[in-house]
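For reference, the structure is listed below as structure tokens.
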Amino acid sequence: MKKISLTGIKPTGTLHIGNYFGAIKPALELAKEYDARYFIADYHALNTVKDPEELRANIREVAAGWLAAGLDPEQVIFYRQSSIPETFELTTQLMAFTAKGLMNRAHAYKTAVQENIEKNGDPDAGINMGLFTYPVLMAADIILFDSDVVPVGKDQVQHVEMAQDIAQAVNANYKGQVLKVPQAAVVESVAVVPGLDGRKMSKSYNNTIPLFAPEKTLRKLIMRMVTNSQTVEEPKEPGTSQIYLLYKLFANEGEQSALAARYRAGGMGWGEAKEELFRVVNRELSPMRERFQSLLAEPAGLDRILGRGAEKARPIAAATVRRFRKAAGID
Ligand code: ADP
Ligand code: TRP
């Protein structure tokens, strides 16, 4: 039997190239080899997105984004988290096996508390129970579908480890393999895609290249990247150039070494380096952008695809919940 790969993306904003290289592309690579189950984590997004129009639009964008990037819904089970009610039953089942101390140690929660303390406020200000219990819902997403591997960026590894701990606690208590214990899969070369300012690309830092930005916006964003004051003649070191690091993600090996040689030889200014970057980025993104726009133009089509995915997903989910109930004596 093929192994199972599962991952989810939260519809909290516009997809960017960090999401693409760190999550979507490696997940689609894995789908060639594994039975893949990919979904839109809409209830995770509810913790922060409280405007219904915004959430609805974000969900559609993430759905169209996955499909435009090449997800084949005949091959991958593709669905919305909210369409699988078993997720929420398993969450309750897992709660009884999740130490509160484990949640206290979750990075996202700890960072939020730390920021509150630094502002001299109430440590729990603005923190809802959805954020506090976020890792349990994520563990349910993963465990529900008997996942073997979970392709994620580095920042999500701790959550996958928590899912392992929780599944192991259940199995240890009932002395058997009630739930499958998952593994994280991080693609090291792209584990952190740098943003326009050199920090990790993230919507929280406002330093992203949106995956489906119109060509003009894309060009403007790249041309506005900050560089040092080296003159055109001066040789430049590709390894420390933000522009080159992004170029590497989009260019083939021949192009990478040719551009690195031009950097080192001198005679190429930052403006020209940016033009080269724009060329390769646009080459990869423009066909996806067109597919994305035509998918978004027909929301009923997206709903149909996600509905079919949910139909395929639910029997798998129901079997896991039944297995737990039986082991627990709630059958
Ligand atoms: P953001 O940091 O912009 O809020 P999310 O937390 O919504 O992004 O991330 C969604 C997925 O994309 C996760 O699997 C995450 O690890 C991955 N990801 C986000 N930003 C990057 C990045 N800069 N490099 C690699 N992967 C990333
Ligand atoms: N927490 C993930 C993120 O912020 C999204 C997510 C929710 C997820 N459930 C998941 C990822 C299950 C992998 C598996 O990016």
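When Val150 is tested against (1) in a helix (DSSP H, G or I); (2) β-branched (Val, Ile, Thr); (3) within 16 Å of ligand 2 (Cβ to nearest atom), only condition (1) is not met. If you go through the stretch 33-47 one residue at a time, do you hit one that is farther than 21 Å from Pro151 by Cα and either away from ligand 1 (no atom under 16 Å from the Cβ) or at pLDDT 95 or above (or both)? The answer is yes, given that some residue of the stretch 33-47 is farther than 21 Å from Pro151 by Cα and either away from ligand 1 (no atom under 16 Å from the Cβ) or at pLDDT 95 or above (or both). In the condition set (1) under 24 Å from the mean Cα position of the chain (by Cα); (2) part of a loop (DSSP other than H, G, I, E, B); (3) within 16 Å of ligand 1 (Cβ to nearest atom), Lys180 is compliant with all but (3). Cβ separations smaller than 6 Å between residues 6+ apart or across chains give the following pairs from the stretch 216-238 residues that are at negative phi to residues that are loosely packed, with under 13 Cβ neighbours inside 10 Å and among the basic types (Lys, Arg): Pro235/Arg264. If you go through the stretch 104-129 and keep only what is closer than 28 Å to Pro26 by Cα and either at pLDDT below 95 or assigned to a helix (DSSP H, G or I) (or both), you end up with His107, Ala108, Tyr109, Thr111.
So which residues in the stretch 239-267 are farther than 19 Å from Ile209 by Cβ and in contact (Cβ under 8 Å) with a residue 24 or more places away in the chain, if there are any at all? Correct list: Tyr263, Arg264, Ala265, Gly266, Gly267.
The values are calculated or read from the model by the stated rules, or taken from the named source; none is laboratory data. All of these numbers come straight from a predicted model, not from anything done at the bench. Glycine gets a Cβ as well: all are built from the backbone with ideal geometry, and neighbour counts include every protein chain shown.
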